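Report on one structure; see the data block that follows.
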Amino acid sequence: MKEYDVIVVGSGPGGATVAREMSRRGKKVLLTERGGRWNWLGNTLSVAMILQNAGLTVSRSFHPITQVTIANNYGGASTVMCGCAIPPPRKVFDAVGIDLSAEAEEARQELWVTTLPDELVGLANLRLMDAANDLGYHWEKLEKFIKAEKCIPECSDCMMGCNRGAKWSARFSGDDAITHGAELALNTRVDDIIVENGTCSGVKGSRNGKSFSYYGKRVVLSSGIGNVRILQRAGIQEAGRTFAVDFLQFVGGVSPYLNTSKAQPMAVGTLEHYETDGIVVLPVFPTWSQLAVLLAMKGVQHLPKARNAFRYTGLMVKIQDDLDGTIHPGNRFFPFTKIPSRNDRLKLAKGADIMKRVLRKVGVSEASIVELNPSGAHPCATCRIGDVVDTKLETSIKNLYCCDASVVPASLGLPVVWTIVALGKRLAKHLETTMM
Ligand SMILES: Cc1cc2nc3c(=O)[nH]c(=O)nc-3n(C[C@H](O)[C@H](O)[C@H](O)COP(=O)(O)OP(=O)(O)OC[C@H]3O[C@@H](n4cnc5c(N)ncnc54)[C@H](O)[C@@H]3O)c2cc1C
């Protein structure tokens, strides 16, 4: 049995940031991660190895089949993210009285936030941007978590895990924490917290079939939807009663003039509909393997469309979805129930309409247009601020905190990483003051 200052459960952007910040402050930190460390990145196999159920995690309700991406590996979902950098949205955090602007600015350099030069943004993206602007939408280049000097033109591998080290992932923060003395425990699943006199004093779980207990002065749960099981077992039944996924929908088609199969994902786009309608439109389309799976989920009769996988020009709408989903703790294959509400469908339809206009403008033929089922890549809002945690991210059990996408008070409807890292930095400042 070992004792730590801080035990962090889960090594995604939330957990890795807290581990980095606290180890840099001289605290003895343990970072536990349920998955291993898959290092052969940049290929289809890497997606299958990093994601829970090889990416085939779906809602318990099957109409329509709703897939949500959940990661189980060192770095969490950030290893396979697109690297699109959007700062924390004020409208979501103003509602709970939290200002993340200082922490977001601190994170800018650490996350390698940059606007890419035209040759890395790529011709296909630039032409889509021109077409959208001709239609009166206000598209622009978007910032990315990328080191331009390591990135190469005509590469769209971000979502398969960048093997050049050009895209930031939470592994860089986890590794930095280790450099500053943190211990990383891979293949280590936390199942329970230890509570003594109403105060959290450690965690229990298993590694390779053997059980363990670790003691810590503070415990931070950063295990995504995994937090729900741990909290419910500790008696916090409110956890997991809400669930958002930032529903997204891909629309693509074939144009004789360009395709986005080798375009940098989400390097241009527009947030102009975000404040009013809660939607964003960005160019990105599934890789061939993801496309095959998503077409099969739409219906096997759509599978032949996968033959155009390397010819599609594709866009995505992402929305702020309603909170009406539920988590089923401990169920590995169907860990949630979530389908788009009527409100969600209206937002997705509005985005699909915008996307089709842009696609037609770049010469996509009507007959080739394919609309995939709504899916989710941002499981969040299961342990919301104001509901399960307070504004300091502490639960009703003293010294037990949550810090990851689960705490957002509402669906962001935007890329999440910058927000989570800012929350991690803010929590670290608070923990430091409570541990002096
Ligand atoms: C395909 C894709 C593209 C994306 N693109 C972008 C983008 O361009 N920009 C952006 O900002 N965001 C993007 N995102 C979203 C972003 O990656 C996630 O929102 C973010 O990684 C969530 O971070 P997190 O800290 O909440 O948890 P996660 O990244 O989900 O990490 C949680 C970790 O906890 C571990 N864990 C779970 N249970 C336990 C347990 N019991 N014990 C120990 N460990 C446990 C898991 O294995 C996992 O590693 C994308 C996501 C996907 C899937």
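Where a number appears in this text, it was derived from the coordinates with a stated rule and is not lab data. The shown structure was predicted, so the numbers you read here are calculated from the model rather than taken from an experiment. Cβ placement follows ideal geometry from the backbone for every residue including glycine, while neighbour counts extend to all protein chains displayed.
Entry for region 1-115 at q = 0.11 Å⁻¹: log10 I(q)/I(0) = -0.52, Debye formula applied to identical alpha-carbon scatterers, no solvent contribution.
Less than 5 angstrom separates the built amide H of residue 144 from those of 85, 114, 115, 116, all sequence-distant by 5 or more or on a different chain. Each peptide among 249-259, 360-370 gets the average number of other Cβ atoms lying within 10 Å of its residues, and from highest to lowest they stand as 249-259, 360-370. Summed over qualifying helices (DSSP H, 4 residues or more, each -39500 (n - 2.57)) and divided by its residue number, the chain shows a 222 nm mean residue ellipticity of -8000 deg cm²/dmol.
Hey, what does the equivalent ellipsoid look like for region 320-436, semi-axes from the Cα gyration tensor as sqrt of 5 times each eigenvalue, largest first, whole Å?
Details: eigenvalues 272, 62, 26 Å².
Values for region 320-436, descending: 37, 18, 11 Å.
Please report the antiparallel percentage of DSSP beta bridges with both residues in the chain, rounded to the nearest 5. Here the antiparallel bridges make up roughly 65 percent for the chain. Along each principal axis, taking the top coordinate minus the bottom one, the Cα set of region 106-230 gives 64, 32, 31 Å in descending order. Within a straight-line Cα-Cα reach of under 30 Å, residue 262 can be paired with the following lysines, leaving aside sequence neighbours fewer than 8 residues apart in one chain: 141, 144, 147, 150, 167, 298, 305, 318, 347, 350, 356, 361. The GNM of the chain, with springs linking C-alpha atoms under 10 angstrom apart, assigns the highest mean-square fluctuation among 103, 119, 33 to 119.
Result for the chain in a Gaussian network model with C-alpha springs under 10 Å: among 265, 379, 13, the largest mean-square fluctuation is at 379. Ordering 19, 80, 266 by Cα displacement along the dipole of the chain toward the positive end leaves 80 in first place; charges were set at the Cβ atoms of Lys, Arg (+1) and Asp, Glu (-1).
When the dipole is taken about the Cα centre of the chain, and only Lys, Arg (+1) and Asp, Glu (-1) are charged at their Cβ, what size is it in debye, to the nearest 20?
1040
Legend: P(r) of the chain from all alpha carbon pair distances, 10 Å bins from 0, whole percents, reading 5, 23, 34, 25, 11, 3, 0.
Remark: region 363-373, residue by residue, has Karplus-estimated 3J(HN,Hα) of x, 5, 6, 4, 5, 8, 5, 10, 10, 8, 5 Hz, where x stands for each Gly or Pro and the curve is 6.51 cos²θ - 1.76 cosθ + 1.60 at θ = phi - 60°. Can you classify region 290-329 as rounded, prolate or oblate using the Cα gyration tensor, where a ≥ b ≥ c are the square roots of its eigenvalues, rounded means a/c under 1.5, and otherwise it's prolate if a/b beats b/c and oblate if not? Oblate shape, in that a/c is at least 1.5 and b/c is the bigger or equal ratio. Between residue 275 and residue 53, the simple spin-label model (points 7 angstrom out along Cα→Cβ) gives 4.0 nm. Protection proxy ranking of 275-285, 425-435, 411-421, 191-201, by the mean of other Cβ atoms within 10 Å over each peptide's residues and highest first, is 411-421, 275-285, 425-435, 191-201. Under a model in which nothing but the beta-carbon of Lys, Arg (+1) and Asp, Glu (-1) is charged, region 9-124 shows a dipole of about 560 debye around its Cα centre.
Considering only 379, 334, 309, the residue lying farthest towards the positive end of the dipole of region 292-404 is 309, judged by Cα position with unit charges set on Cβ.
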